[in-house]
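Report on the following structure.
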Amino acid sequence: MTPRFLRRFLLAAAALAVAAPSLAQPKCEDPRVLKFSLVPTQDSVRELTYYKPILDMLQKNTGKRIEFYMPTSYSSVVEALLGKWVDVAVLGPESYVIAKSKEPTVEVFATYSRLKNGIQDAGPGYKAALITKKGSKFSDVASLKGGVLALVDPASTSGGLVPEKVFPKSANTPPLKTYFSRVVYSGGHDLSAIAVSEGKVDAAFVATHRFMETVNAGKVKLEDFNILWQSPLIPQDPFVFRNTLCDDLKKKIADTFLSVDQTEDGKKYLANVKSEKVVRMTDKDYDIVRDAQK
């Protein structure tokens, strides 16, 4: 081997040694504990009891201990996913889109297909509904001009995004903060419905399924409300995980949710959330939310 050839060989070897780490595939995550969370609802502690059967199944199927991260807001669940404090979560459609735009590793894999329940139609979708108190002077959209409106959360799809972006165009009204004298955030669909029922606000936008959960819990009565407007169909709350988890673990998580209708414990979970099964979803299914944001 000539000195010139040897020098070229050594330089090439050095270059490969430097490049090798960048060519290595990142190692997937296989945590000993899976952390689960969900966007705040009427009663997050009670909602967690609804999920206990499926979380027990998840622990059994993955061999991981399951811990719950208690959220304080929609955005806190998103931040927990981004910060890797949460591995699996149930988000709202808009909070999912927000999370996905900030961190592509957040991946939707499923949602539940609801049973028919009052104003909630069967299937993997729901609507935003504008409600007022029956017997009040607020019997149509025109009568609400100058009234007080309750929204849920800036990151809520049916209680924030759709009312702000879709309703004014659909109902041919000015923006909400122009049409109403005051717009407040309640923090929960149940709190919005109760506020309307008690006359604390004149109207509210709520998700049809969350509203019916409030009715089923005995907090309000369906017959006490006017439904003045409903939105186009919105995909149900997405089940997500961080796709940096190892493939076999992601498959076990997804399979646990997608097969819940095949076990007695799974059927208990479905009964708790008024659903018939869990169905597969993809990121594209939530483009309707992105379109509303635009």
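The values are calculated or read from the model by the stated rules, or taken from the named source; none is laboratory data. None of the values given here were measured: they were computed from a predicted structure. FYI the Cβ positions are ideal-geometry reconstructions off the backbone, even for glycines, and counts take in every protein chain you see.
For this structure, a couple of remarks:
- Restricting region 127-163 to residues that are aliphatic (A, V, I, L, M) and assigned to a strand (DSSP E or B), the residue that is nearest to residue 113 (Cα to Cα): 128
- Here is the figure for region 233-252: residues that are out of contact with any strand residue (DSSP E or B) (no Cβ under 9 Å at 6 or more places or on another chain) and either in a loop (DSSP other than H, G, I, E, B) or not basic (Lys, Arg) (or both) total 2.
- Residues being in contact with a helix residue (DSSP H, G or I) (Cβ under 7 Å, 6 or more places away or on another chain) and outside any helix (DSSP H, G or I) - total across region 82-124: 15
- Count of region 216-232 residues which are among the hydrophobic types (A, V, I, L, M, F, W, C) and in a strand (DSSP E or B): 4
- Cross-chain or 6+ apart pairs with Cβ under 7 Å, region 184-198 first and closer than 18 Å to residue 217 by Cα and not assigned by TED's automatic domain parsing to the domain that holds residue 76, then polar (S, T, N, Q) and in a loop (DSSP other than H, G, I, E, B): 188/41; 188/42; 189/42; 190/42; 192/186; 195/186
- Of everything in region 269-288 that is surrounded by 17 or more Cβ atoms within 10 Å (Cβ to Cβ) and at pLDDT below 90, the residue that is farthest from residue 217 (Cα to Cα) is 288.
- Of the residues making up region 139-166, those that are surrounded by fewer than 21 Cβ atoms within 10 Å (Cβ to Cβ) and either over 18 Å from the mean Cα position of the chain (by Cα) or without any contact (Cβ under 8 Å) to a residue 24 or more places away in the chain (or both) are 139, 140, 141, 142, 143, 145, 146, 147, 148, 164, 165, 166.
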